[in-house]
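The values are calculated or read from the model by the stated rules, or taken from the named source; none is laboratory data. Nothing here was measured: the structure is a model prediction, and the numbers come from that model. With ideal geometry, Cβ positions are generated from the backbone for all residues, glycine too; neighbour counts draw on all protein chains shown. Calculation scope for accessible area: heavy atoms of the full protein, side chains included, ligands and nucleic acids excluded. Shrake-Rupley method; radii C 1.70, N 1.55, O 1.52, S 1.80 Å.
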Amino acid sequence: MQTSPRGRLDRPTPQTDAELIRSLAAEVCPMGLPVITAEMLRDHTALRRLREAGTVEVSLGGRETGLMITRYDEAAAALVEPRLRGEHPLAASMRTASDEEVCDEEQLFFLPADEHVRLRRLISRQLTHRRVAGLASRIQREADRLLAQVPAGEPVDFVQAFSRPFPVAVLCELLGIPTAERRYIRDYVYGWIAEYGESTTVTKSTGLALAEYLRTLIAERRRTPGDDLISAMLRGEDGGTAEQDVLAAVRFLLVAGHRPVTRLLTESVELLLGRRSHWERLSDEPALMDATIEELLRVITPTTLASRYAGDAPRADTADPAAKPAADPAAGPAAGSGVHCALAAVNRDPARFDDPDRFDPGRSANHHLAFGLGHRHCLGAALARAEVRIALGTLLTRFPRMVLTGGTLGDEPGRRQLPVVL
Ligand code: HEM
């Protein structure tokens, strides 16, 4: 079987694969393609069958069609494929991420290519491993502050008490949001974001409110710089970054930087406490923490999709769409065609990971793709790892006898619960 995504892109999907996938998906879209839902992207039985079928054409949530990749080698190749560095078809209708009407989570991930390159550069300089290492004490302070409010010895919902507020608190701290205004940002961010497949575009007034708030804050930081990411982004490399770009970068961070951390923390605590020997071993041997986090990232895979679109690589030096090189129809798939990597399937591909469903922190060379790969790989990977290291380390030290009092309840974003006693 042809395994390169290059080959796959040029080849029609075998009928038998499509039939198999249709039998897995509950519905088909008007084009006759199986509809892959957010739930299916976390259902390991369905994902195993998808992976066995190989790359197939699907409809994502009934809204967008494309190839779905479920095997590790194909995903690793597709994510770095130069012919898949194009824009999402919607990008043409996007103005800019600083536009207050553009506040849907998915839209922010489909920015016009030139703006995307600019924002990535702006954000990535602030979230390097070195910078994040310097932020550890501030992340620790947020963890301590939240845990100090949790009553010990009483049943609490871990999601509400810790795993949900913690990443937002960290972002607020790093962005320098004044303490009195953090609750407002937190509530805003919670209401703003929708899980894939249930996208909610906020009302214009809500988008405006956040943009107005952030504009005022950014202007203040321009006048009086502080020890925060907004001030650092404004300083830029060469005499200052435009406020519009800083506003867009802040929105991008707020959108991307909390939900996967919440999921990883919740499911990590559930997994480690559910098999107590893992929790106790980690408590006895803190040196295992980094390898444990990598294995948690692999088996949990908090973000289930990494998508690429056919087309040319963006030119960072121009915002003029007319200046982009014209697509060559002979060069491959039509510009805008989507290729979607189902990361939870990829991270349990038996061709790459021995006994992939087993949680094994001792796994060597754990090159999972939980943070994606290539020109769109996660910008917050170092920060996310630091957050989880600090959160689990603090729980293990302060509450070694912490127990689950039930499994996770509900899978709806915002309504999930994990009952524990600290
Ligand atoms: C466990 C936590 C996290 C996981 C599993 C995760 C995973 C991912 C994945 C899979 C992607 C897409 C990668 C690709 O297409 O190749 C992504 C993109 C991104 N992530 Fe994360 N992420 C996490 C935390 C964070 C945090 C804490 C931040 C920032 C504070 C962040 C910022 C971003 C941004 C800005 C992008 C978009 C990159 C782009 O489009 O160029 N992420 N993340």
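If I ask for residues that are part of a loop (DSSP other than H, G, I, E, B) and farther than 26 Å from R48 by Cα, which ones from region 330-389 would you list?
Pass one, region 330-389, residues part of a loop (DSSP other than H, G, I, E, B): 332-337, 347-373, 377-380.
Correct list: G332, P333, A334, A335, G336, L379, G380.
I need the full set of residues from region 37-63 which are in contact with a helix residue (DSSP H, G or I) (Cβ under 8 Å, 6 or more places away or on another chain) and touching a residue at least 60 places away in the same chain (Cβ under 8 Å), in order please.
L41, R42, H44, L47, R48, L50, R51, V58
Can you pull out every residue in region 271-293 that is open to solvent by 50 Å² or more (accessible area, probe 1.4 Å) and within 16 Å of the ligand (Cβ to nearest atom)?
D290
Pick from region 395-410 the residues that are touching a helix residue (DSSP H, G or I) at 6+ places or on another chain (Cβ under 7 Å), modelled with pLDDT of 90 or more and part of a loop (DSSP other than H, G, I, E, B): which of them is surrounded by the fewest Cβ atoms within 10 Å (Cβ to Cβ)?
Taking the candidates together, the pick is P400.
The conditions are (1) free of Cβ contacts under 8 Å to residues at least 60 places away in the same chain; (2) open to solvent by 60 Å² or more (accessible area, probe 1.4 Å); (3) not aromatic (F, W, Y), and E142 fails exactly one of them. Which is it?
Every condition holds for E142 apart from (2).
Just to verify a result, which residue in region 230-240, among those that are open to solvent by less than 50 Å² (accessible area, probe 1.4 Å) and outside any helix (DSSP H, G or I), is modelled with the highest pLDDT?
Filtering first and then ranking leaves G236.
Identify the residue in region 116-138 that is outside any helix (DSSP H, G or I) and more than 10 Å from the ligand (Cβ to nearest atom) and, among all such residues, is surrounded by the most Cβ atoms within 10 Å (Cβ to Cβ).
If we take residues in region 116-138 being outside any helix (DSSP H, G or I) and more than 10 Å from the ligand (Cβ to nearest atom), then L135 is surrounded by the most Cβ atoms within 10 Å (Cβ to Cβ).
Which residues, counting only those in region 144-178, are under 21 Å from I230 (Cβ atoms), part of a helix (DSSP H, G or I) and among the β-branched types (V, I, T)?
Passing the criteria: V168, V170.
Considering only residues of region 350-373 that are on the phi > 0 side of the Ramachandran plot and more than 6 Å from the ligand (Cβ to nearest atom), which is farthest from the chain's Cα centre (by Cα)?
Residue satisfying both the conditions and the ranking: D355.
Residues checked against (1) within 24 Å of F110 (Cα to Cα); (2) open to solvent by 50 Å² or more (accessible area, probe 1.4 Å); (3) in contact with a strand residue (DSSP E or B) (Cβ under 7 Å, 6 or more places away or on another chain):
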{"residue": "H44", "(1), (2), (3)": "no, yes, no"}
{"residue": "R48", "(1), (2), (3)": "no, yes, no"}
{"residue": "T55", "(1), (2), (3)": "yes, no, yes"}
{"residue": "G62", "(1), (2), (3)": "yes, no, yes"}
{"residue": "L67", "(1), (2), (3)": "yes, no, yes"}
{"residue": "A76", "(1), (2), (3)": "yes, no, no"}
{"residue": "L79", "(1), (2), (3)": "yes, no, yes"}
{"residue": "L84", "(1), (2), (3)": "yes, no, yes"}
{"residue": "L90", "(1), (2), (3)": "yes, yes, no"}
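Within region 222-240, count every residue that is over 20 Å from R183 (Cα atoms) and in contact (Cβ under 8 Å) with a residue 24 or more places away in the chain.
Final tally of qualifying residues: 7.
Being hydroxyl-bearing (S, T, Y) and in contact with a helix residue (DSSP H, G or I) (Cβ under 8 Å, 6 or more places away or on another chain) is the filter here; which residues of region 254-296 pass it?
The answer is T262, T266, S268, S283, T292.
Among the helices (runs of 4 or more DSSP H) confined wholly to region 241-284, which include 3 or more residues that are within 28 Å of R223 (Cα to Cα) and touching a residue at least 60 places away in the same chain (Cβ under 8 Å)?
243-256
Inspect region 1-14 for any residue being modelled with pLDDT of 80 or more, part of a loop (DSSP other than H, G, I, E, B) and of a type in the set (D, E, K, R) and give the result as yes or no.
no
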